[in-house]
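Take a look at the structure below.
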Amino acid sequence: PFWFPHALEIVPSLSVCLCSEQAAMSSELVSAPEPVSVPLAKRPGWLPTEGPGLANIEPIRWTITIEDWLRFVDACRYETSTWKSIAEQKGEKGEYDIDMRDLNKHFVTPWTKGTGNSVALLMNPNPGKAELMLSHAWDGSVLETYHMLRDAEDGHGNPIPRQTWVFFCTFCLYQPEDGAAGGLRIKEAIDRDPFESIIKSKPRFGMAVLHTTRLEVYERMWTVHEIDAAMEAGVDVFGLYHGNSQYFSEEEIEHFRYYQYFYGERWDKALALTLRSKPINAGFNMIKTCYVENVGIESFDDWRHRLERKVLVGGLTAKEMLDMIDKFLKRYRINTSIATCTSEEDRQMLVNKIEEHGGFKRLDRKITLARVAMAKRMLESAPQFTAEWSFSKHRNWSGRLKIDATIQQLQQLPPLERNHPILLKIPAGPLSRKQYFKDSEAAIEHLQKAAVEPAHTPSHDNDGTISVVRQAVFRNFLCMPCRSDQRVSTPEPILRPDEA
């Protein structure tokens, strides 16, 4: 199309993104060799040495409670010097970089060797049926996983008690591969198909996919297979993450909020559609919604002219908006067909199963929706990061500022101005609701709360329209005239019936 070269001039990275669907999601993590000085982990005295044997328990009961899961990791962290030694070799992130492979090598395997029992069976020889399936990657952070399971009891809308029986393969399979009596080698355990057995039993809490900052969990074909099995059985799939791990950066949270500005309550559906679109279409469809439907641009020539002039839209330039879309696509676009497996034989077996059930495209869509739902839950509980302020009399806005910078400016006002009424917009943005405060002290108090508590600021009026004043603000960014009697319906993303 004639506008294609102009799009690449605005965001050069889109030319790279066009090929991203065929590229791997990220390069394989390569761990630095561990020094020989890591001491052997002393086995806890409370951990039994005998159990019923994994081979003697039906797969649906290869489970451990969340409470025992946390207790085992606590023993690794606080009852041995091994954990600290490993953490010292991990660089800047320290113990947060310890992964499930480290945990298995230094703790799980040596503590269960020769017993024929998994960690789960040693801790409880009479386990219950699985109530929750935990899907994770071996390169995922142990500590981030610890925090997300510990906090799951206080989860939004679906709390998971610590007495819940869960399947977690690191702890629920016999890992030593030593042929001990009563044990099962990994291949023998997999042949009993514990994943599908548990999923087909329709566990009470469904399946949780554990997201950590160390790795893209959907690079692992086993995770993709588990999603496939869950979809076949009609089991609920949702994502978990550690809220304090910066899984969602401040920049990403602000980008999510821009989707709220433009699409209101339907922002999550709009984002899901973006992630399923072709890269070049995703950016321009959003700009088309914001420009054409609200401003009346009638032709692509007019549209291209405004893009080249970088006219502001909702506080973003066209380049910034396309760059935002580009970042979303690079991090959140899912292509499960390129997921890998340690064994090529296992990978081909899993690929065949997935193809029999309908292929990878349907998995990509399901995972996209689950990820956007996870982002939505995060946004509902996230503190605000930005604000802007003005004296109510003058309406000269400060521009986008960090919360602490806004507080600092208000604290430095001359004494005579501290009693003037203040207007705040949290988060900063032309479509954010203005809030009135009698003086700077009241505004500062509100800002301090917003920095640590979720602050819900609806982007649209109660009747589903953009008000006269806010529509005027929107049009002023585009240098367009606005009639004082005009009211414009809330823009809706263009969704097909099957995507609504």
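The values are calculated or read from the model by the stated rules, or taken from the named source; none is laboratory data. Everything numeric here is computed off the predicted structure, so don't read it as measured data. Please note: Cβ atoms are built from the backbone with ideal geometry, for glycine as well, and neighbour counts cover all protein chains shown. These area figures cover heavy atoms from the full protein model, side chains too; ligands, DNA and RNA do not enter into them. Shrake-Rupley method; radii C 1.70, N 1.55, O 1.52, S 1.80 Å.
Tabulated data for the structure shown
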item: Estimated vicinal HN-Hα couplings, Hz - the range 421-426 in sequence order (Karplus 6.51, -1.76, 1.60; Gly, Pro = x); result: x, 10, 9, 10, 10, 10
item: Accessible-area value, Trp138, 1.4 Å probe, nucleic acids and ligands omitted, Å²; result: 50 Å²
item: Given Lys93/Lys129; Lys93/Lys330; Lys366/Lys434; Lys84/Lys113, the pairs whose alpha carbons are separated by over 30 Å; result: Lys93/Lys129; Lys366/Lys434
item: Qualifying trypsin sites (Lys or Arg not before Pro) in the range 195-224, DSSP loop, other Cβ atoms within 10 Å at most 13; result: Arg204
item: Sum of side-chain charges, Ser440 neighbourhood, beta-carbon under 9 Å (Lys, Arg +1; Asp, Glu -1); result: -2
item: Semi-axis lengths (Å, descending) of the ellipsoid that matches the C-alpha gyration tensor of the range 318-364; result: 32, 13, 4
item: Arg331-Glu50 FRET efficiency (beta carbon distance; Förster radius 60 Å; 0.05 resolution); result: 0.80
item: Spin-label pair Ala233/Trp397, simplified geometry with 7 Å Cα→Cβ offset, distance in nm; result: 5.0 nm
item: Estimated distance in nm for a label pair at Lys84 and His420, the labels positioned 7 Å out from Cα along Cα-to-Cβ; result: 5.7 nm
